[in-house]
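Take a look at the structure set out below.
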Amino acid sequence: MQDFARASALYGFDTLAEEYGLPYKALLKEAGLPENTLENLRGLVSYRRFLALLELSTERADDPLFGMKLGLRQGVTVFGPILYLLNNARTVGEALSELRQYFHLHMGAAHVEVGPYGDKIQIAYRVLDPTQTGINYGAELALGVGRKLLKTLMGQNWNPHPMLLEHGPQAPLQAYRALLGITPQFNSDTTAILLDPEELEYPLSEADATLHQVIREHLDTLQRLTDLELPGYVSNLLRDLLPQGRVTVTQVADCMAMSRRTLQRRLNESGTSFQKVLDDTRQNMALRYLRDSQLQVTQLSDLLGYADLSAFSRAFSRWFGVPPSRWSQLPAVEETPPPQ
């Protein structure tokens, strides 16, 4: 399943739209997205509809740089679970490597590449289906996010980096320069931000205080968790991690900065187990997406981290008493309360 992005990709959309006097819920609805999309930033949205929303908002705001401005506001806030991984990164290069490896947690419709570009290093944004309408707005939003991310990672070492875009300018060049302090290179062969190779070696210890504050809040939250709160926290983390594929207790423990044995012991003390929390989380995710989205039942196999359809079908039948093929024949099913 590739046509998805986390709803966190729209973080701050409501505020920016309102600054232009635009009713953001009406825009979401017109683009084919639920009006309450921003209430669950861990949820998934169609990437095509995400692009449609950017295109519609750009038109209604009469500002061709709407997408770029939204991306510049977002920065690290859009990445959710990927931020957990930066705690172990020592340098800007290691942090970007983590971003490249785990970007699919944030968005399945695109990926990030980090590699040589002449005598520079490019952080490139690649959409899997480049023929989609509105892709230029999505590309500019992505580079806005990338610029803000680099500024956060590099702290006092940051300077504006060259930007390359595969499309032509959507606004006068002076408008880009006023917003960015540089003029991007348009009609390029890549959509990317360029760094000098030595910048990859900059230590993350000098990063902007915002990054360290976000990571510290995450770690502090883990330390404060009581045994009753732990299963709910693990369930929320699983919702973030499952779209990348099969999730193990070791992966979750790593994200929570504790050993696998410690996590298992604490869950046992809470009266549950990792497997029980995983199964309940998958069941509730399946029910929510079937109820609130237009996903096909069989698409849920990838979304819920199952290795094959047969394993998913067996779990589905155990949860709901019918195979996936008969789901539409069931009366409404209520979601079970998440772990507390």
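The values are calculated or read from the model by the stated rules, or taken from the named source; none is laboratory data. Just so you know, these numbers come straight off a predicted model, no measurement behind them. For neighbour counting, all protein chains shown are included, and Cβ atoms are generated from backbone atoms with ideal geometry for every residue, glycine included.
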Quiz prompt | Search result, residues across segment 163-182 that are over 26 Å from T91 (Cα atoms) and surrounded by 14 or more Cβ atoms within 10 Å (Cβ to Cβ) | solution = L165, E166, H167, P169, Q170, A171, A175, Y176, L179
Self-check item: Number of the condition not met by D3 [criteria: (1) outside any helix (DSSP H, G or I); (2) among the acidic types (D, E); (3) at pLDDT 85 or above]
Solution: (3)
Quiz item: Are any of the residues in segment 189-206 under 23 Å from the mean Cα position of the chain (by Cα), modelled with pLDDT under 95 and either closer than 26 Å to C255 by Cβ or assigned to a helix (DSSP H, G or I) (or both)?
Solution: yes
Quiz prompt | Odd one out for V234, checked against (1) modelled with pLDDT of 75 or more; (2) assigned to a helix (DSSP H, G or I); (3) exposed (fewer than 14 other Cβ atoms within 10 Å of the Cβ); (4) of a type outside the set (S, T, N, Q) | solution = (3)
Quiz item: Applying the selection to segment 246-264, what residues are free of Cβ contacts under 8 Å to residues at least 40 places away in the same chain and more than 16 Å from E229 (Cβ to Cβ)?
Solution: T248, V249, T250, Q251, A253, D254, S259, R260, R261, Q264
Quiz item: From the residues in segment 288-314 that are of a type in the set (F, W, Y) and at pLDDT 80 or above, which one is farthest from R326 (Cα to Cα)?
Solution: Y306
Quiz item: Looking at segment 40-93, which of its residues are modelled with pLDDT of 80 or more and of a type in the set (G, A, S)?
Solution: S46, A52, S57, A61, G67, G71, G93
Quiz prompt | Out of L16, L27, L41, L51, sole residue that is over 23 Å from L287 (Cβ atoms) and either acidic (D, E) or in contact with a Gly (Cβ under 8 Å, 6 or more places away or on another chain) (or both) | solution = L51
